[in-house]
Every structure is written in C-alpha cells, then in structure tokens.
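Here is the structure we will look at.
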C-alpha cells in the first residue's frame, strides 16, 4: 500500500506523476500530477488510494470525487496533461507520454521542487528535478492519486468519444483492442482519433 516515504525523502513541494492510456489504439495519452499541500485529508481517501489498476471503476470514481473535493478545500493541487493521437504518431508513445507529464506538472498551482514519476524512464528537459520509481503507484500516495486522476479523466474522455464515434465500444474498452473495437474497425474503419502508428491501425490503413 502507498505511504509518504518517497515524498519524505525529498524536500519542498513534491508531486507524484503517472499516466493512463499508453496501450490503447485510440485517443490521447493522459498524465496526472498531484501535490499534497496538507496531509490532514479525508480518511476514506487516504485509506482507498492505491494503484488505479488495482481498483474497481466504481472505487476509482469515488476516489476521484474525493480528490476533487480536497483540491477545492486547498489540501492538494493537481494538473492533467494530454498528448493527442496525432502527437503520439509524430514522436512515439514514450515521448508523447513525457509531454503529457510535463503539461500536467505545469498546470499545478505550485512549482514542485521534485517530481516522483511512475515507471523506469525519466523524461529529458523536464520542468523540475525528478526521479522514476517502478511500481510507484503502489508506493507513493502522490503517484497513486495521480494515477487515479489520469485514469478516470481519460475514461471519461473515451465515454465522450463514444458518443461521437459509436460502434467501437469506447465507453467500455477505453480504446483498447477488444473484440467490440475490432468489429467496429471492420465495419466503420478508423476514426481521426485512432493512433495510426500502432500496428493494428497501420495494417488497416495499408490494406484498405
């Protein structure tokens, strides 16, 4: 379970950063950044925060709402950053993810003295000093909170996208290559939001 150890190893305002949406075939990659300004926060939030992949959708939604309330009360600040499918195609998913992370941190109300980034790769030319932490969303409250914000925000984007592009199941699959998504591609073709550099989408374009 997450704790404050990674944050306590740094000084000043420390933010956690995580992303959602590297694997899907469609839509942006989204990053969240969170700085806890006050640790006297809702106990249900603190007890529930964890790696977003280990939480049910309902639990993520509940924690997302609690995070928004804590932000309104001034106990934390968060930022959400995106990199579009077009940007992913232009620079590759790793670099686009770093762009989304940088954009998320730049939206924080305070400039962090350090960023704790989930994963095993560090972005170059970042907006503040940073360190990477494999499995960080299961170790750090800040990274775990960022993972929840990014995941729920992106899932909601895909639900909106499903209204514009029905038939692919984006509201259920978040853009991953499920059977429903594949059937939608066969029936309707690709959308402007599909990542054309991803092999399954590239093969459809090449064979059409």
Checklist entry - Taking segment 1-48, which residues are assigned to a strand (DSSP E or B) and either surrounded by fewer than 14 Cβ atoms within 10 Å (Cβ to Cβ) or over 21 Å from the mean Cα position of the chain (by Cα) (or both)? => result 3
Next on the checklist: With under 21 Å from residue 94 (Cβ atoms) and within 18 Å of the chain's Cα centre (by Cα) as the only criterion, which of 142, 147 stands out?
Outcome noted: 147
Checklist entry - Are there any pairs, at least 6 apart or on different chains, whose C-beta atoms fall under 6 Å, with the first in segment 1-23 and under 22 Å from residue 110 (Cα atoms) and the second buried (at least 16 other Cβ atoms within 10 Å of the Cβ) and modelled with pLDDT under 95, and if so, which? => result 18/137
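Residue by residue, here is whether (1) closer than 30 Å to residue 10 by Cα; (2) surrounded by 20 or more Cβ atoms within 10 Å (Cβ to Cβ); (3) modelled with pLDDT under 95 holds:
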| position | (1), (2), (3) |
| --- | --- |
| 105 | yes, yes, no |
| 111 | yes, no, yes |
| 114 | yes, no, no |
| 147 | yes, yes, no |
| 181 | no, yes, no |
Next on the checklist: Can you tell me which residue is surrounded by the fewest Cβ atoms within 10 Å (Cβ to Cβ) among those in segment 151-175 that are in a helix (DSSP H, G or I) and under 15 Å from the mean Cα position of the chain (by Cα)?
Outcome noted: 156
Item to check | Check on residue 125, at pLDDT below 95 and surrounded by 24 or more Cβ atoms within 10 Å (Cβ to Cβ) | outcome: no
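The values are calculated or read from the model by the stated rules, or taken from the named source; none is laboratory data. Just so we're clear, the structure is a prediction, and the values are computed from it rather than from any experiment. Positions of Cβ are backbone-derived with ideal geometry, glycine not excepted, and every protein chain shown enters the neighbour counts.
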